Amino acid sequence: MNLALGAEAEAFRRELCAFLDGWRGLEGFFHQDRDWERVRAFFRALGEKGWLALAWPREVGGLGRGPLFEFLLWDEIAYRRLARPPLGAGIVAKSLIRAGDDAQRARWLPPIKGGEIHFSLGYSEPEAGSDLASVRTRAERRGDVYVVTGEKCWTSYAQHADYLWLLCRTGSQESHGAGLSLLIVDLRAPGVRVSPLPLLDGEQLNAVAFDGVVVPASHRVGPEGGAWRLLVQALADERHVQFPPRRLRRDLEDATAWLRARGRSAGADARRRLAALAVEVAGVEMLALRVVEAVEKGRSGAVEAAANKVAHTECAQRIAETALVLGGVEAFAADAPVEFLWRQSLWETIGGGTSEVMRGVVARQGLGLGGRG
């Protein structure tokens, strides 16, 4: 799909492509754990260009460009398999811009902008995955500090991150979402333990345990008990970059090239299957652009993002599955790229909200089905 961009956006894309040409060989999109040192260098290089703060307001040191530019940036990076968006420059920074005080913005925004520090999100728990209002990790206020006890799980990149953006309970368990607060926790602090949770694709998520971890009260962002509103706003900030569609186009190109090299793409059934996937990828690209449009116009985009997430992740699985079906026994070899795509795609429908939860969002908020909730 060819986008008709304005002159400024087209100039940015040309500059971006020229810059990214210098990072060939980096495979951080799929292998951030393995390639972390080079991924970190890549983020610092983006920081030097100001591109980690591409859409931040100018008054806090950003470039003041809109969501379309962020989409172009991370869509092209995904196509080249270089990296995924760092959480610090997105959810964390934009929450600090919105709800942090002057001292917090001065402390955290410059190193985030420069790609010098990195964050992991501490949201999900063993008994609170999609239902974050049930979070149990507790932060007790004691003077000018909080003492944190509990556990997070399925936490991406905690083995490499410097800090955790922690959703924790400061109110009663019965207060649900109204009793939650956000803290910035140093992952090297005494009492923090990070344990690996291996994935099918060879990467890892993590369990993070807190045993009386002391966190300065100055590391709380927003009011005590005010995390829920910040979570909703932060999610809206990032919907347009979470599932870049050119990742799927690259998946399809790579799978097709692998099949063609083995003489398995020319038959009538293969041509039909690959043509159907090409149409599906184009459809997902259109859904992604609907999310960008919603964010550009200041709308929530929750329904558009949920529909896009389902279509994107399930398309990734169909591309890989089709390559396995057409590729025969050779496709299942441990070093076959299409076999890796299949293993990797399996958890995409779970991370970032399961397909079942996303379909519920579309049904309730988009179609008005299922009553209130």
Q | Out of E151, E174, sole residue that is over 14 Å from R220 (Cβ atoms), at pLDDT below 95 and among the acidic types (D, E) | A | E174
Q) Do we find that L231 is within 30 Å of G66 (Cβ to Cβ), in contact (Cβ under 8 Å) with a residue 24 or more places away in the chain, out of contact with any helix residue (DSSP H, G or I) (no Cβ under 6 Å at 6 or more places or on another chain) and open to solvent by less than 30 Å² (accessible area, probe 1.4 Å) in this structure? A) yes
Q) Is the stretch 109-123 home to any residue that is more than 30 Å from E48 (Cβ to Cβ) and of a type in the set (K, R)? A) no
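Counting only residues that are in a strand (DSSP E or B) and of a type in the set (V, I, T), which one in the stretch 156-200 is farthest from the chain's Cα centre (by Cα)?
Among those residues, the one meeting the criterion is V192.
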**Q.** Residues satisfying the stated conditions in the stretch 52-73, i.e. assigned to a helix (DSSP H, G or I) and free of Cβ contacts under 8 Å to residues at least 24 places away in the same chain
**A.** R58, E59
**Q.** Qualifying position, being open to solvent by 10 Å² or more (accessible area, probe 1.4 Å), touching an Asp or Glu at 6+ places or on another chain (Cβ under 6 Å) and of a type in the set (D, E, K, R), among R40, R13, R81
**A.** R81
**Q.** Within the stretch 100-118, tally of residues that are open to solvent by less than 30 Å² (accessible area, probe 1.4 Å) and not in a loop (DSSP other than H, G, I, E, B)
**A.** 5
**Q.** Filter pass, L121 being assigned to a strand (DSSP E or B), at negative phi and touching a helix residue (DSSP H, G or I) at 6+ places or on another chain (Cβ under 9 Å)
**A.** yes
Q) Taking the stated definitions as given, is L259 in a helix (DSSP H, G or I), of a type outside the set (F, W, Y) and within 29 Å of the chain's Cα centre (by Cα)? A) no
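Quick one: would you say R364 is over 30 Å from C153 (Cβ atoms), in a helix (DSSP H, G or I) and either aromatic (F, W, Y) or open to solvent by 40 Å² or more (accessible area, probe 1.4 Å) (or both)?
no
Table: residues versus (1) within 24 Å of D201 (Cβ to Cβ); (2) touching a residue at least 40 places away in the same chain (Cβ under 8 Å); (3) open to solvent by less than 40 Å² (accessible area, probe 1.4 Å).
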site: L252; (1), (2), (3): yes, yes, yes
site: R264; (1), (2), (3): yes, yes, no
site: R273; (1), (2), (3): yes, yes, no
site: V281; (1), (2), (3): yes, no, yes
site: E293; (1), (2), (3): no, no, no
site: S300; (1), (2), (3): no, yes, no
site: K309; (1), (2), (3): yes, yes, yes
site: A316; (1), (2), (3): yes, yes, yes
site: G327; (1), (2), (3): yes, yes, yes
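The values are calculated or read from the model by the stated rules, or taken from the named source; none is laboratory data. Being a predicted model, the structure only gives us computed values, none of them experimental. Cβ coordinates were reconstructed from backbone atoms using ideal geometry, including for glycine residues, and neighbour counts include every protein chain displayed. Areas reflect the complete protein model, heavy atoms only, side chains present, ligands, DNA and RNA absent. Shrake-Rupley method; radii C 1.70, N 1.55, O 1.52, S 1.80 Å.
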